[in-house]
1. What Kirkwood hydrodynamic radius, in Å, does segment 1-56 give when the mean of 1/r is taken over all pairs of distinct Cα atoms and then inverted?
2. Under 14 Å Cα-Cα from LYS182, which aspartates and glutamates qualify once same-chain neighbours fewer than 8 residues away are excluded?
3. How many nm separate the modelled label positions at GLU226 and GLU155, each set 7 Å beyond the Cα in the direction of the Cβ?
4. Return the single residue from LEU30, LEU154, LEU119 with maximal mean-square fluctuation; model: Gaussian network over the chain, springs between Cα atoms under 10 Å.
5. For the pair THR82 and SER212, how long in nm is the line joining their label points, each one 7 Å along Cα→Cβ?
6. Restricting to the chain, what percent of DSSP beta bridges are antiparallel, rounded to 5?
7. Just subtract the alpha-carbon distance of GLU195 and GLU75 from 0.36 nm times their residue separation and send over the number in nm, one decimal.
8. Taking Rh as the Kirkwood radius, which is the inverse of the mean 1/r over Cα pairs, what is the Rg/Rh value for the chain?
Amino acid sequence: MPFTYPYPRPSLTADIVMFGFDGVGLKVLLVQRDVEPFRHAWALPGGFMHEDETLEACALRELYEETHFTPDFLEQFHTFSTVDRDPRGRVVTTAFFGLMPVSEVQGGSDAADARWFSLDQLPSLAFDHAEILRVAQSCLRERIYFEPIAFRLLEPKFTMTELQHVYEVVLGTQFDRRNFQKKMHASKIVAPVGERRVAGPSRPASLYSFVSDQYRTLKHSGVTFEF
């Protein structure tokens, strides 16, 4: 016979902030809810945790069910427990953020639709998801200074201009091209791949890749990456 607890047991959910870069700006992946509450409203992907799974497994499952995405990078960043954040009852959510290049997306079985939205053109969001997104953006800006996570927003081969643009859109500032490239080359975590890309009337740009082995070596040696 199941044990009956003498006190309330809040429900647990996982919500996912998937950031994407389309070469121009930073975007976030939203789903259109197909059920109440907030039916037809836009929201972050997410849902209730099953009793036989971890929060991380819940986040991955919900993201796949609603968007058909399985990200290479997903990290927990905050727990939101405001008492009245969910009209269905006492619900505590743990939020994750992920990074990826923007690609085509479609709504899954648990969502009416799924789309990438520019951060400066967001619809009204369900629940407290606007607050979750705000905290996620702050976390991303802080982390990008001390870990080379910006590379996860790019394709495996990228130009130095594309990499600089990622840092600029995330941090909301502009960098001198020469100084930026000097800093990246000095870090030794980027390397040319021996290929060039033609983009418009300008001369072909050299392509680079992230040297993950070099970063792991630096990290193991106690050398901290700092942009």
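1. Answer for segment 1-56: a Kirkwood hydrodynamic radius of 14.4 Å.
2. GLU226
3. Roughly 3.5 nm, to one decimal.
4. Result for the chain, Cα springs under 10 Å: LEU119 fluctuates most.
5. If labels sit at THR82 and SER212, their model points lie 3.7 nm apart.
6. 70
7. Numbers: separation 120, 0.36 × 120 = 43.20 nm, distance 3.23 nm.
Roughly 40.0 nm would be gained on extension.
8. Working: Rg = 20.0 Å, Rh = 19.3 Å.
My calculation puts Rg/Rh at 1.03.
Coordinate-derived values only; no laboratory data. The shown structure was predicted, so the numbers you read here are calculated from the model rather than taken from an experiment. When we count neighbours, we look across all protein chains shown, and the Cβ atoms used for this are built from the backbone with ideal geometry, even at glycine.
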